[in-house]
Amino acid sequence: MNQIELIRAMPKAELHVHIEGTFEPELMFQIAQRNQIELPYKSVEEIKQAYNFHNLQSFLDIYYAGANVLIKEQDFYDLAWAYFEKCAEDNVIHTEMFFDPQTHTDRGVAFETVIHGLKRACDDAQTKLNISSHLIMCFLRHLSEEAAFETLEQALPYKNLIIGVGLDSSELGHPPSKFERVFAKAKAEGFLLVAHAGEEGPAEYVWEALDLLKVNRIDHGVRSEEDDVLMQRLIDEKMPLTVCPLSNLKLCVVDDMAQHNIRRLLEKGVHVTVNSDDPSYFGGYMNDNFIAIMEALNLDNDELKRLAINSFEASFISDEMKKVYIDQVNSLK
Ligand code: HPA
Ligand code: ZN
């Protein structure tokens, strides 16, 4: 099998995808129309032209504007279902997707509406597409600690539907330490923990995510390479980094895919995985991300398999299921 065939054939888990970031312009237009909400764009082409980002914030402004058209339970279902269809095409057989409740509750959409729509799509993905999934609720870090506590409170009745909590949105100026207490409470309630750190923010934010938030995985974390002591810690603890190559390129975290450090991180022994982040905005889903790094960094079949195996090892599925999927990857030639 050549590399492209292998990428397509491997079962994979996606561990870093924001469901609001899978919102394709065509579906956005359709939902805006049925909810009679005006979008600041006249056409799908005009939306796509706006997808020219120079940093994280320039993307977030557009991402939140798009999410404004999501109002009804069916909207959240349709959004997630469209993503699951992409997973099926890419052989992503397990996904742990983020959602941003505050983006919706702050507009008057009930928490229940969001979670029920997403959950119904997850159930259908299991029965109709044989794709398993978990939901991870993210706190928006540009909002207050108090707002995060309120969101955690709202989530408690749905605790059995949400596997973990995360931290996303504008990283610079909003260090993990701001959310130390709310993460401690979430942990006490039984949630698993992840946080975006070291995307635009410094290695120091990765330290804080590890030591103060006590996360199970780091989202992005590519700037960890700037700190040798941190690198050794990540390697020793087998701490997963959910890396998002096309996202890093689109948001100018790297200037050129040939300069992306995912291959170096892998070679140094860091537990890196490949993910799409906000695929509708960044130009590609899971396999597009694999193909982009394979081509730019000359990854061979063993390295590609290692990345797919890492995705299962770093996931929140049972050890038994991890072994089933890892054996499937290893059996590919
Ligand atoms: N970083 C931070 N917040 C986000 C992202 C991201 O890449 N995508 C959606 N929210
Ligand atoms: Zn992200």
Candidate set from the range 21-41 (those that are within 16 Å of ligand 1 (Cβ to nearest atom) and closer than 28 Å to residue 294 by Cβ); member that is surrounded by the most Cβ atoms within 10 Å (Cβ to Cβ): 23
Among the listed residues 306, 264, 233, identify the single one that is charged (D, E, K, R), in contact with an Asp or Glu (Cβ under 8 Å, 6 or more places away or on another chain) and over 20 Å from residue 136 (Cβ atoms). 264
Answer yes if at least one residue in the range 194-207 is over 23 Å from residue 19 (Cα atoms), surrounded by 23 or more Cβ atoms within 10 Å (Cβ to Cβ) and either touching a residue at least 60 places away in the same chain (Cβ under 8 Å) or within 16 Å of ligand 2 (Cβ to nearest atom) (or both), and no otherwise. yes
Six or more apart or on different chains, Cβ atoms under 7 Å: show the pairs whose first residue is in the range 251-267 and touching a residue at least 40 places away in the same chain (Cβ under 8 Å) and farther than 18 Å from residue 238 by Cβ and whose second is small (Gly, Ala, Ser) and crowded, with 16+ Cβ neighbours inside 10 Å. 257/292; 257/296
Every residue from the range 267-312 that is touching a His at 6+ places or on another chain (Cβ under 7 Å), under 21 Å from residue 251 (Cβ atoms) and polar (S, T, N, Q): 275
Subset of the range 306-333 (residues that are touching a residue at least 12 places away in the same chain (Cβ under 8 Å), farther than 17 Å from residue 219 by Cβ and outside any helix (DSSP H, G or I)): 317, 332, 333
When the range 217-250 is examined, which residues are found to be surrounded by fewer than 16 Cβ atoms within 10 Å (Cβ to Cβ) and either assigned to a loop (DSSP other than H, G, I, E, B) or at positive phi (or both)? 238
Among the residues of the range 110-131, is there at least one that is assigned to a loop (DSSP other than H, G, I, E, B), modelled with pLDDT of 95 or more and among the aliphatic types (A, V, I, L, M)? yes
Looking only at residues that are small (Gly, Ala, Ser) and within 20 Å of the chain's Cα centre (by Cα) in the range 142-164, which one is surrounded by the fewest Cβ atoms within 10 Å (Cβ to Cβ)? 155
Among the listed residues 134, 94, which satisfies the condition of being outside any helix (DSSP H, G or I), under 24 Å from residue 329 (Cβ atoms) and away from ligand 2 (no atom under 16 Å from the Cβ)? 94
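The values are calculated or read from the model by the stated rules, or taken from the named source; none is laboratory data. Every value quoted in this text rests on a predicted model; they were computed, and no experiment measured them. Glycine gets a Cβ as well: all are built from the backbone with ideal geometry, and neighbour counts include every protein chain shown.
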